[in-house]
Amino acid sequence: MNICFYNTVIGKIGIAETDGSITNVYFEKDILPQNATEEETPLLIEASLQLGRYLLGNLKQFTLPLSPRGTPFMQQVWAKLCDIPYGQTATYKEIAVKTGNEKASRAIGLANNRNPIPVFIPCHRVIGSNGTLTGYRGGLGVKRILLDLERKRDNDFL
């Protein structure tokens, strides 16, 4: 696993790749795996450029090879997260319905929490059924920044 760190408006972010795919994103407080080698690769440079453009509001959709590791259910949930349009949100229950099990809201929350590639897989777009922000590995402040950025930029494109 190669990892490189970048300073962004949401803090220092580590982006990791293995075998030509992005596998992880790390926030400052996250514990890094011991098998990571700090080395910038062409893919990590491209990921950082896309992340920078996204954070400036100049990119709505990432075009990177992503390989999150998780159970088949988690993979299904993460795929559904990628279907949430830029500037919009969905509730845990809505994602549960889309996975075919409307009673799986808690399991959706767990899969969301274990998303190894936040931002690129937009788990920040999932909110509570009453519209409130719920947990985010990067912190609720970062989640709010990402949602506000998308809403502002989405309106700018109208």
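Taking the DSSP beta bridges with both ends in the chain, the antiparallel portion is around 65 percent.
Here's the list of lysines a cross-link from LYS12 could span, going by alpha-carbon distance under 24 Å and ignoring same-chain residues fewer than 8 apart: LYS29, LYS60, LYS143, LYS152.
Rounded to the nearest 500, the helix-only mean residue ellipticity at 222 nm of the chain stands at -11500 deg cm²/dmol, with each DSSP H run of n ≥ 4 adding -39,500 (n - 2.57).
Taking the fewest neighbouring Cβ atoms within 10 Å as the starting point, the ordered list for LYS80, LYS60 is LYS60, LYS80. Between LYS152 and LEU64, the C-beta separation translates, for a Förster distance of 25 Å, into a calculated FRET efficiency of about 0.60.
A Förster radius of 22 Å combined with the Cβ-Cβ distance from LEU56 to LEU133 puts the calculated FRET efficiency at roughly 0.45. Counting 0.36 nm for each residue step from ARG106 to GLN34 and taking away their Cα separation leaves a gain of 22.9 nm. Membrane-span-like helices in the chain, defined here as complete DSSP H runs extending at least 15 Å along the helix axis by their C-alpha atoms with mean Kyte-Doolittle hydropathy no lower than -0.5, are 42-55, 72-82; this is a sequence and geometry rule, not a statement about a membrane. Full extension of the chain between CYS82 and ASP19 gives 20.5 nm of extra length, using 0.36 nm per residue less the Cα-Cα distance. Normalised by the number of residues in the chain, the mean separation of alpha-carbon contacts (under 8 Å, six or more apart) gives a relative contact order of 20 percent.
Bear in mind these aren't lab numbers, they're just calculated from the coordinates by the rules spelled out. From a predicted model like this one, the values you see are computed outputs, not experimental measurements. Here the Cβ is made from the backbone with ideal geometry for all residues, glycine too, and neighbour counts use every protein chain on show.
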